[in-house]
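Worksheet: the structure to be examined is printed underneath.
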Amino acid sequence: MRRDKTERLLNLVFALMGTQGSMSRSDIRATVAGYESSESDEAFERMFERDKDELRSMGIPVETVFDAFGDALGYVIAPTTYAYIDLHLTSRDLTVLSIATQVWDKAVLASAARTAMRKIESQTEKSVGISPLIQGVARVRAQDGAIIPLLSAAREKKVVRFSYRAPGQELEKRIVEPWAVICRNGNWYVVGYDQDRGEERTFKLTRIQGSVNVSAQLHAQEPPQDRTRTVQLPPGESLTDATICVSEGRGGRLMRHAYDITSNNAMDVIKVKASRAELIPWMLSSANAIISVEPQELREDFLASLESLATAHEFRGDGSG
């Protein structure tokens, strides 16, 4: 669901729950944020009807209020039928919810997730903090934008189509029956049945190019029964746990993917876990700021890449290059 639509639906819920009596369509269009973009009465009517139906499909009781002659006066969400239910959440339960909230940090649902968490905390009168050891382990970034249609398709058992670029390969069209979206070491993957290859495959979300198209076609293959098995990452996705020291304040691309950063003697110690295919470009983007690299195998690959890059850009003696 797009951010503007999510915010409009939330605004509509708040307005209908807070109204005295009911809200007419004209009041909704004039006062509920998100409907001001309607270019005409017809456009507003279509938008409002879709929103009303969607809220009802979520179990939110949008009630129509009629007058004595059977004409619709307006709409309301009665607090008695849609109010906060005491879930008797423990501190551990709240911590799990808070971890789920931080997954959407800086993503399309970040605002809605944080608002929902604050409301739950206010009702339970418990404050939740996240341990630094797990903070940021699973987070949806802008480049993981495919996660929302893929989650929806997995839930509804719909077939998806997208363009995918595997390491060292050309861009290819894929037709997939998504079973689940998972996070491994801070990276998001979709696991499902690849119709063209006729077998289970795992795709890294950041390698999906363009939009994910969700079709009306339903899954033909059932996921494996053993849901506790270890999901196999795509070929070339073996991960390296690297420790890279850079000049203080440098190494931006490495920092964006780090799970731990500490400062020591005018340098930053960055710990990041990723594939070699990802680590080397990140390191090359800050090559002049890198002080040391561990493990040794990664350092050797980095130096070899630097040498290849220098050779490729070397100027010829005649001044042309």
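Taken together, the residues in segment 248-274 that are in contact with a strand residue (DSSP E or B) (Cβ under 6 Å, 6 or more places away or on another chain) and polar (S, T, N, Q) amount to 1.
All conditions but one from (1) touching an Asp or Glu at 6+ places or on another chain (Cβ under 9 Å); (2) among the polar types (S, T, N, Q); (3) surrounded by 13 or more Cβ atoms within 10 Å (Cβ to Cβ) apply to S37; the one that does not is (3). Within the set G70, G34, G21, the sole residue that is assigned by TED's automatic domain parsing to the domain that holds L9, of a type outside the set (K, R) and under 26 Å from S152 (Cβ atoms) turns out to be G34. Applying the criterion of being of a type in the set (D, E, K, R) and surrounded by 13 or more Cβ atoms within 10 Å (Cβ to Cβ) to the residues of segment 250-259, the residue that is nearest to T240 (Cα to Cα) is R253.
Close contacts from segment 259-286, counting a first residue that is polar (S, T, N, Q) and a second that is in a helix (DSSP H, G or I), with Cβ to Cβ under 8 Å and a gap of 6+ residues or different chains, come to S285/G252; S285/R253; S286/G252; S286/R253; S286/L254. With the condition kept exactly as written, say whether any residue in segment 281-303 is at pLDDT below 80 and either part of a loop (DSSP other than H, G, I, E, B) or of a type in the set (S, T, Y) (or both). No, that holds for no residue.
For segment 53-96, which residues satisfy the criterion of being at pLDDT 80 or above, part of a loop (DSSP other than H, G, I, E, B) and of a type in the set (V, I, T)? I60, V62, I77, listed by residue number.
For segment 163-214, a residue qualifies if it is in a loop (DSSP other than H, G, I, E, B) and either aromatic (F, W, Y) or touching a Pro at 6+ places or on another chain (Cβ under 9 Å) (or both), and the qualifying residues are A166, P167. Has segment 38-52 got any residue that is touching a residue at least 40 places away in the same chain (Cβ under 8 Å) and among the polar types (S, T, N, Q)? Looking through segment 38-52, none of the residues is touching a residue at least 40 places away in the same chain (Cβ under 8 Å) and among the polar types (S, T, N, Q). Does segment 146-185 hold any residues that are within 24 Å of R256 (Cα to Cα) and of a type in the set (G, A, S), and which are they? Those that are within 24 Å of R256 (Cα to Cα) and of a type in the set (G, A, S): A146, A166, G168.
The values are calculated or read from the model by the stated rules, or taken from the named source; none is laboratory data. Computed from a predicted structure; not experimentally measured. Using ideal geometry, Cβ is built from the backbone for each residue, glycine included, and neighbour counts are taken over all protein chains shown.
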